[in-house]
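A.B. asks: The structure under discussion is supplied below as structure tokens; questions concerning it will follow.
Every number here is computed from the coordinates shown, using simple stated rules; none is lab data. What you see is a predicted model, and the numbers here were worked out from it, not measured in a lab. Cβ sites come from the backbone with ideal geometry, for glycine too, and all protein chains shown count toward neighbours.
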Amino acid sequence: MISRSEIKAFTQKTPSFDDTFLGLKAISRQPSGMSKETRKVIALARKFNAEVVRPLALSLDITMQKDPTHIPMDFVNKANEWGFYTLWIPKLFGGQGYNLPSISFFLEEIGSECLAMANLIGVHYLGFAVAVSSWSTGLINRLCQDTINGEKTGKPCLMSLALTEPGAGTDVEETDLMDKGSVACHAKKVEGGYVVNGTKVFISNGHLSHWHMLIAFEDLKKPSASTVMLAVETGMKGFSFGRMEKKMGQKGCPASELMFDNCFIPDANVLFNSDQGKHFKRSLTRTNMQIIDFYFAASRAAVGAFGIGAARGAYNLARDYVSKTEMNGSLLINQEWVQSMLAEMYKNVLLGRLAYNEANYATSMHGMYKLIQQKQLYYITKYTPRIIFEKLIQPVLGNSLVLWLVRKFNFDMQTDEEIELTSGLASLAKFAGTDAGIKNCHMALELMGQAGLRHDMRAEKCLRDAKLLQIYEGTNQLNRLNLFKCLIAKDFTQATVFEEN
């Protein structure tokens with residue numbers, strides 16, 4: 001028998017022990033009320049699919065094909081009416097406060113019918129996640145209040161992330177690459193704020209959003225240590241929209257060009273800058289990477305769920321087709337080779353879902369969700385009347401002491417091992433889920449033959465929509481390298497890795 005001391009010794013020597021038992025740990029640590037909430041979220045998504053998404057998916061795709069500048073406000077208004085833009089905003093900030101991991105299940109459901117419409121909802125929470133990753137509590141509350149008011153008034157107030165640049169796509173997602181890339185969006189510090197010049201491209205929901213979480217740089221020669229996070233409001237002087245991209249897939253979700261020409265952004269809209277970053281235990285470069293990992297650990301799991309939505313949608317289309325189509329007098333589904341292909345597609349769905357679940361477990365226990373998903377705080381926020389938050393909590397969120405405490409907890413108390421685990425598993429979920437989506441789409445077209453190429457059969461749209469998933473939120477190549485960096489490289493000495501390369 002192995003002794004307790006030996007168990008401790010061997011688990012400490014095993015770098016992968018935490019990711020091996022992550023799900024088991026999460027079962028006891030996560031609030032049990034999350035399960036009921038998640039079931040409700042899935043049911044809500046399926047009802048929305050039946051009433052809104054499926055009837056509209058093909059017509060929106062055709063509309064955008066004819067007019068790539070079309071703004072799908074009808075759908076956004078409908079999503080706003082259903083409360084989807086506040087559903088996952090914590091009650092602390094006035095939202096409905098559903099558990100944050102449940103958004104992945106929601107996005108899988110919507111994505112199984114139309115990835116563009118899933119993105120029209122999901123990208124808003126990417127913008128929200130970026131704001132939260134700054135832990136600037138007062139400004140986060142202000143942004144959330146605008147979204148809540150937009151729901152009440154029927155005028156949707158969405159958020160976006162303005163990150164990608166014409167000469168720097170993947171480069172701006174890793175501090176190791178920033179200083180090597182052609183980063184050009186400059187934020188010059190002036191009295192009372194910043195003056196920004198530059199361009200952002202491929203910004204999902206750009207033309208639809210009221211708030212844009214802008215990532216700019218004070219020193220273009222050393223962007224990794226001079227990142228500035230700013231909340232830019234549509235209509236600010238010097239900020240304008242450029243073209244909308246003509247896309248192959250996910251046509252219904254605009255990809256916009258954002259242009260900044262001597263755009264002044266006041267200090268009140270600064271989420272994070274170098275001066276604030278100097279107060280934490282890590283270097284500015286490592287703190288900036290920690291911020292990136294905060295929001296990408298959450299969003300890459302969600303993109304993995306998008307991919308599984310595509311995989312499930314393709315599986316459903318193929319299954320329905322072979323169950324109704326005959327070959328040589330027998331239904332295709334009676335052929336063993338067809339059954340094997342369907343089994344393979346089903347496997348891809350289940351394994352991909354497990355991957356994004358594990359990533360969300362990691363983020364809940366060690367990342368961005370850690371504070372709000374703690375059992376005690378979860379139940380306190382769940383059952384505390386909203387008026388208490390409005391009258392007692394929200395007024396102090398801008399207090400400097402509150403800001404310091406929240407940032408101290410999230411920045412300095414997160415260990416390097418926790419950062420690596422959340423970031424690595426999120427990258428795994430992202431490339432595993434999106435590759436599974438592409439694989440199932442190809443298999444659906446193989447099973448459906450020429451019929452799958454017809455627009456009204458939906459399979460070819462499913463493939464077009466899924467391809468983009470392998471590109472945004474970091475290309476799948478980048479995410480594989482990030483997985484290696486976070487969860488594999490530590491098994492070797494640096495010298496060994498370099499020697500083998």
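A.B. asks: Which aspartates and glutamates does Lys188 reach when only Cα atoms under 13 Å apart count, and residues fewer than 8 places away in its own chain are ignored?
C.D. replies: Partners found: Glu218, Asp219, Asp261, Asp267.
A.B. asks: Where the centroid of each part is defined by its Cα atoms, how far is segment 237-270 from segment 286-357 in Å?
C.D. replies: Here the answer is 32 Å between Cα centres.
A.B. asks: If you average the alpha carbon positions of segment 53-78 and of segment 434-456, how far apart do those two centres end up, in angstrom?
C.D. replies: The two parts, judged by their Cα centres, are 22 Å apart.
A.B. asks: In whole Hz, with x marking every Gly and Pro, tabulate ³J(HN,Hα) for segment 342-351 from phi via Karplus 6.51 cos²θ - 1.76 cosθ + 1.60, θ = phi - 60°.
C.D. replies: With the stated coefficients, segment 342-351 comes to 5, 5, 5, 5, 5, 4, 4, 5, 5, 5 Hz.
A.B. asks: Quick query: amide H of Ser283 versus all other amide H atoms, modeled in the peptide plane; which residues come in under 5 Å with a sequence gap of 5 or more or a different chain?
C.D. replies: Those qualifying (amide H under 5 Å, at least 5 residues apart or on another chain) number zero.
A.B. asks: Same structure again: Using +1 on the beta carbon of Lys and Arg, -1 on that of Asp and Glu, and nothing else charged, what's the dipole of segment 284-440 about the Cα centre, debye to 20?
C.D. replies: Numbers: 16 positive and 13 negative charges, 118 e Å.
That gives a dipole near 560 debye.
A.B. asks: Could you give me the ³J(HN,Hα) list for segment 375-382, computed from phi with Karplus coefficients 6.51, -1.76, 1.60 and θ = phi - 60°, whole Hz, x at Gly and Pro?
C.D. replies: 3, 4, 5, 4, 6, 4, 5, 5
A.B. asks: Still on this structure, please answer the following. Place a point 7 Å from Cα of Asp267 in the direction of its Cβ. Which residues in segment 274-315 have their backbone N less than 15 Å from it?
C.D. replies: Residues passing the 15 Å test: 274-277.
A.B. asks: Between Thr415 and Ile42, with labels modelled 7 Å along Cα→Cβ, what's the label distance in nm to one decimal, could you check?
C.D. replies: 3.3
A.B. asks: Okay, moving on. Quick one: which residues, 5 or more positions from Val201 or on another chain, have an amide H under 5 Å from its amide H? H modelled 1.01 Å from N in the peptide plane, none for Pro or chain starts.
C.D. replies: Correct list: Thr164, Glu165, Leu258.
A.B. asks: Assuming 0.36 nm per residue, please report the length gained on full extension of the stretch Trp337 to Lys155 beyond their Cα-Cα distance.
C.D. replies: Working: separation 182, 0.36 × 182 = 65.52 nm, distance 5.15 nm.
Roughly 60.4 nm would be gained on extension.
A.B. asks: Using Cα positions and a limit of under 17 Å, work out the aspartates and glutamates in reach of Lys221, with same-chain residues fewer than 8 apart set aside.
C.D. replies: Here the aspartates and glutamates satisfying the reach criterion relative to Lys221 are Glu165, Asp171, Glu173, Glu174, Asp176, Asp179.
A.B. asks: Measure up Lys246/Lys430; Lys189/Lys222; Lys347/Lys485; Lys200/Lys247; Lys91/Lys370 against 19 Å on the Cα-Cα distance and list the ones that go over. Intermediate values should be presented prior to the final figure.
C.D. replies: Working: Lys246/Lys430 24 Å; Lys189/Lys222 15 Å; Lys347/Lys485 28 Å; Lys200/Lys247 17 Å; Lys91/Lys370 16 Å.
With Cα atoms farther than 19 Å apart: Lys246/Lys430; Lys347/Lys485.
A.B. asks: Give me the three principal axis extents of segment 159-281 from the C-alpha atoms, as integers in angstrom, largest value leading.
C.D. replies: 44, 31, 23
A.B. asks: Students often get this wrong: which residues of segment 249-285 have the backbone nitrogen under 20 Å from the point 7 angstrom along Cα-to-C-beta of Lys188?
C.D. replies: What the label zone holds, given the 20 Å backbone N cut-off, is 259-270, 273-275.
A.B. asks: Give me a comma-separated list of calculated 3J(HN,Hα) values for segment 106-116, in order, Karplus coefficients 6.51, -1.76, 1.60 applied at θ = phi - 60°, integers in Hz, x for any Gly or Pro.
C.D. replies: Karplus-based 3J(HN,Hα) across segment 106-116 equals 4, 5, 4, 4, 5, x, 5, 9, 7, 5, 4 Hz.
A.B. asks: Moving on to the next point. Whole-Å semi-axes of segment 324-414's equivalent ellipsoid, largest first, each the root of 5 times a Cα gyration tensor eigenvalue? Numbers along the way, then the final one.
C.D. replies: On the way: eigenvalues 530, 59, 19 Å².
Semi-axes (√(5λ), whole Å): 51, 17, 10.
A.B. asks: Then there's this: For the pair Asp176 and Thr381, how long in nm is the line joining their label points, each one 7 Å along Cα→Cβ?
C.D. replies: Calculated label separation equals 3.3 nm.
A.B. asks: Which whole number of Å³ per residue matches the convex hull of the alpha-carbon atoms in segment 252-409?
C.D. replies: Values: hull volume 36.5 nm³, N = 158.
Taking the convex hull of the Cα positions in segment 252-409, it is 231 Å³ per residue.
A.B. asks: Helix-only estimate, please: 222 nm mean residue ellipticity of the chain, summing -39500 (n - 2.57) across DSSP H runs of length 4 or more and dividing by its residues, to the nearest 500.
C.D. replies: Numbers: 19 runs with 259 residues, N = 501.
Computed mean residue ellipticity for the chain: -16500 deg cm²/dmol.
A.B. asks: Okay, moving on. Give the cross-link partners of Lys155 among the lysines, using a straight C-alpha distance below 20 Å as the criterion and excluding same-chain residues fewer than 8 apart.
C.D. replies: Result set, ordered by chain and number: Lys78.
A.B. asks: Would you mind putting 461-471, 61-71 in packing order, based on average other-beta-carbon counts within 10 Å, highest first?
C.D. replies: Numbers: 461-471: 23.3, 61-71: 13.9.
Descending packing order for the listed peptides: 461-471, 61-71.
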